[in-house]
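This report refers to the structure that appears directly beneath it.
The values are calculated or read from the model by the stated rules, or taken from the named source; none is laboratory data. Note that this is a predicted model, so its numbers are computed, not measured. Heads up, the Cβs are rebuilt from the backbone with ideal geometry, glycines too, and the neighbour counts pull from every protein chain shown.
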Amino acid sequence: MSKTGRKISKQAGVALFISLVMLLVLTIAGVSAVQTTSLEERMARNTHDRLIAFQAAESALREAEGFLLNNVNTTALFTNGGTNGMWTTAPFDTEERWKGDIWDVGSAQSVEVAAAIIDVAQQPRFIVEWLATVERPENSAMLGSSYEALFDRIEVFRITARGVGGSVNARVMLQSHFGLVF
């Protein structure tokens with residue numbers, strides 16, 4: 001016994017050790033939560049950029065379709081060099097036109113959309129490829145059918161559009177086939 005009348009006991013420091021372990025567990029849980037939140041935020045941002053790129057590419061497709069409806073009455077616009085984004089069909093033994101390096105800003109081999117799209121790193125671009133002409137006399141399936149009198153020929157095109165999102169790494173390419181009846 002001590003002079004004050006209290007019993008002296010030895011403390012082993014277990015409470016300090018348990019407190020430090022609990023602090024470590026809480027710190028690990030907090031860091032994990034921050035990392036998870038950061039990852040989810042990056043995923044949401046990437047999804048948003050991809051959606052912007054998709055919408056930009058879709059607007060380029062629509063503009064190309066409008067261009068074809070208003071301007072094409074001959075296939076003379078289409079060249080092997082892709083002047084003003086108008087291409088002839090690529091030969092079978094070559095790479096597809098849209099896979100090439102034609103999407104650069106300022107390139108005459110692809111067309112930038114006329115209306116500026118906001119919140120994109122680059123404005124969307126498109127190319128149009130003339131694929132074929134289908135003429136009624138050459139289409140034996142049409143001869144004698146009720147559709148025979150509806151057209152003399154159909155010009156078939158492939159439109160490829162490339163949209164870029166909020167960063168240059170978010171890119172979307174869309175293709176559609178488009179037929180004009182003459």
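Just a few scattered comments:
- Members of the stretch 62-88 that are in contact (Cβ under 8 Å) with a residue 60 or more places away in the chain and either not in a helix (DSSP H, G or I) or not charged (D, E, K, R) (or both): A64, F67, L68, L69, V72, N73, T75
- Test: F54 is among the aromatic types (F, W, Y), surrounded by 10 or more Cβ atoms within 10 Å (Cβ to Cβ) and modelled with pLDDT of 90 or more: yes
- Hey, R42 closer than 16 Å to I117 by Cβ, without any contact (Cβ under 8 Å) to a residue 60 or more places away in the chain, in a helix (DSSP H, G or I) and basic (K, R) or not: no
- Check on F67, over 19 Å from V164 (Cα atoms), surrounded by 15 or more Cβ atoms within 10 Å (Cβ to Cβ) and modelled with pLDDT under 95: yes
- Scanning the stretch 89-126 for residues that are in contact (Cβ under 8 Å) with a residue 60 or more places away in the chain and part of a strand (DSSP E or B) yields a count of 2.
- Within the stretch 150-161, at least one residue is at pLDDT 90 or above and charged (D, E, K, R).
- Residue within the stretch 85-96 that is under 17 Å from the mean Cα position of the chain (by Cα) and crowded, with 17+ Cβ neighbours inside 10 Å present: no
- G179 vs. criteria under 20 Å from the mean Cα position of the chain (by Cα) and either modelled with pLDDT of 85 or more or surrounded by fewer than 16 Cβ atoms within 10 Å (Cβ to Cβ) (or both): no
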